[in-house]
Amino acid sequence: MTVFSAAQKDGLEQILRLMDANNLSGADVKKAAAERKKEQKSGGNEISKGEMIMRLFAYMGGALIFAGLSVFIETIWDDIGSLPRVIITLGTGFTAYICGVVFALDKRFEKAATPAFILAFIMQPMGLFVLLDEYFPGDNAALGGMVVFAPLAIQQLLTFIKFRFSSLLLYSLLYLLGFAFSFVEYFDLDRGASSLVLGTFLLLSTINMQLKEKFRELTPLFFVIATVLFFSGVYYFVGRTVFDSIALSLILSLLGFAVLKESKTLYVLCMIYIAGYFCGGPGGGWSNFDWHFYNQVTAVFTGTSLVLAGQWLRRSNYISLHPLWMFVGTSFALGGLYSLFPVALQPVAIGFAGIAIYAALLLKSRAVLAAAVLSMISFIVAYSAEHFANTIGWPIMLMALGIIILGAGFMFARLSGRIKASA
Amino acid sequence: MKAFLKDNIALVAAIALPALLAVVFAISAMAVRVSVEDPSTDFFIVTDYYDNGSRFQFDVNNERLNVNYRAAEKDVSYSAKPRLWRVNVPEMTVQEISLNTPGGDGAKTIDIPGVTDIKVINVSPGPDGYSFVDSYRPGGNIMTEVFSMDSQHRNRSGIAKDGRLVSFKIPDGNNYNYYNSRFLGWVVE
């Protein structure tokens, strides 16, 4: 329960009175607030059509100039010596960087600084690699990577500290990543541990960036890189062990952050990771101990976790597909329970399906209800097929099953109606 | 904090449940490690091995490990040379036994001192109650398949008894040679 101050309570009281007077529901207010927020967000960045067309031509012109320069360099590359090669790559990159700094220092030319920095970001490392290739013997690419990316990362970081352009932070982090990958390769470090350390650092940095309005636009790319590195590290240690489920806890934690702090990219990534976690069966454990019930117990725990996460996700402003989560989660949990019981006690699992139906009413979820009813029918069919098939009572059993299914359908329709009415 | 937890209790429980499961498994793994005695019987395995495609053939007969070799025939292609290993328990260290290719034509029986002249049995479970478990099992979710490519737990084999699994790794072993690995027999010298 959220605690409100006296002033906030007064405000809420007024809002409720206005809602009653104007026949508005909570959903209407929420929708209007979301639209207002959206308008406020886009308001500051709104640009006129003329300016947009001007920008489009500017980008196209810039791209053509860059493409022309690249083709020209490629054409004359074999005919020129080492020094010209370095001058046209590193020289161009460094000049672009100096131009970027000069533009950034003057408010009138500030907008021109960004394309100059982009050019510098591409050409400087290229130029440094050419310099190494032309003048320094040796073919250690990892050492070369360290030598190139370390000074560039420092350069971009210092420039970012001075001018606070978010793009400079992006370049600093990308160079830093390049340096880190080269460092791991050069010293032949444990890749799993390196991925975990690097992924955790990057993920925490990106989370921090997400919390700061100014740097939010940079987070999508970093969330992709950070989560891939982070989960590569996590799976290096827990993958194919019975501790595989820790990965699900981590994904759900990130999902919670994504919803609460409104990161659409992280939200989509988490959805993909969760789908991946449940596709192909629960868990992936192997190497710690050989327990017969490993998959079943994992299905019960992770399935229940999915139902709870789906229930929480109802609050999300994004498309959450929470009914699908709750349906899959309930099916996993009940399926796991059914397989967990020894044959003689399998009818008890049918009782658990009954508990799930009760839970569906509490959670007001028709998806849980549908999964519970379907599971109950499946259990009865599977159990009777296993124990009564090929007996004289089998046809009678089939008829009884038909009646059960009809009853289950009737029950589903009634309970579903109740859930709809109470929701 | 308390208010946050109360507001988001479903999410907190969703996060806690899989973590709790890992704790349950950790305790169970510890319990079986304490309650099930250590393995005590060394054993032989062969990796990179195709039953029919290899010029080396292995089988256990009359409590002896037989290693046979057939010379190459014209127009018949053979798989790469298999690798024979003795796994020392309980340390679970592996020792490769070199397979020398004999010269001449026809089929030959290869004698390897310390391998073909000792008592070996092929039963499951073995004398100490442990059974061989191959790590190459299909399945696992997509996340595991995608992200645990470099996992230190990938490409391991092991022996299991009453829920306890003791694993080992072949040096330079990859998924490919594990897929073609065979358990040969227990050493009962």
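The values are calculated or read from the model by the stated rules, or taken from the named source; none is laboratory data. The model shown is predicted, which means the values in this text are computed figures rather than measured ones. Positions of Cβ are backbone-derived with ideal geometry, glycine not excepted, and every protein chain shown enters the neighbour counts.
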Q) Being more than 21 Å from A:Lys214 (Cα to Cα) and of a type in the set (A, V, I, L, M), is that true of even one residue in the stretch A:152-165? A) yes
Q: Determine, yes or no, whether A:Leu198 is surrounded by 22 or more Cβ atoms within 10 Å (Cβ to Cβ), under 18 Å from A:Leu250 (Cα atoms) and of a type outside the set (S, T, N, Q).
A: yes
Q.
Out of everything in the stretch A:319-335 that is under 23 Å from the mean Cα position of the chain (by Cα) and β-branched (Val, Ile, Thr), what residue ends up being modelled with the lowest pLDDT?
A. A:Ile319
Q | Among (1) more than 30 Å from B:Trp85 (Cα to Cα); (2) more than 7 Å from chain A (Cβ to nearest Cβ) - the single one B:Leu17 does not satisfy | A | (2)
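Which count do you get for residues in the stretch A:310-330 that are small (Gly, Ala, Ser) and either in contact with a Cys (Cβ under 7 Å, 6 or more places away or on another chain) or assigned to a helix (DSSP H, G or I) (or both)? Let's see the steps before the verdict.
First, pick out the residues of the stretch A:310-330 that are small (Gly, Ala, Ser): A:310, A:316, A:320, A:329.
Still in the list and also either in contact with a Cys (Cβ under 7 Å, 6 or more places away or on another chain) or assigned to a helix (DSSP H, G or I) (or both): A:310, A:329.
Qualifying residue count, the stretch A:310-330: 2.
Across the stretch A:211-259, which residue is modelled with the lowest pLDDT among those that are in a loop (DSSP other than H, G, I, E, B) and within 11 Å of another protein chain (Cβ to nearest Cβ)? Walk me through how you get there before you give the answer.
Narrowing the stretch A:211-259 to residues in a loop (DSSP other than H, G, I, E, B): A:212, A:239-244.
Then keep just the ones that are within 11 Å of another protein chain (Cβ to nearest Cβ); that gives A:239-244.
Numbers: A:Gly239: 80, A:Arg240: 76, A:Thr241: 79, A:Val242: 79, A:Phe243: 84, A:Asp244: 83.
In this case the residue turns out to be A:Arg240.
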Q. Counting just the residues of the stretch B:1-53 that are touching a helix residue (DSSP H, G or I) at 6+ places or on another chain (Cβ under 9 Å) and touching a residue at least 60 places away in the same chain (Cβ under 8 Å), which one comes out nearest to A:Thr241 (Cα to Cα)?
A. B:Thr47
Q. Going through the stretch A:90-107 one residue at a time, which ones are touching a Leu at 6+ places or on another chain (Cβ under 8 Å) and within 20 Å of A:Asp133 (Cβ to Cβ)?
A. A:Leu90, A:Thr92, A:Gly93
Q: State whether the residues of the stretch B:147-168 include one that is at pLDDT 75 or above, out of contact with any helix residue (DSSP H, G or I) (no Cβ under 6 Å at 6 or more places or on another chain), closer than 25 Å to B:Tyr50 by Cβ and not in a strand (DSSP E or B).
A: no
Q | Subset of the stretch A:216-268 [without any contact (Cβ under 8 Å) to a residue 12 or more places away in the chain, surrounded by fewer than 23 Cβ atoms within 10 Å (Cβ to Cβ), of a type in the set (A, V, I, L, M) and closer than 18 Å to B:Ile15 by Cβ] | A | A:Leu260
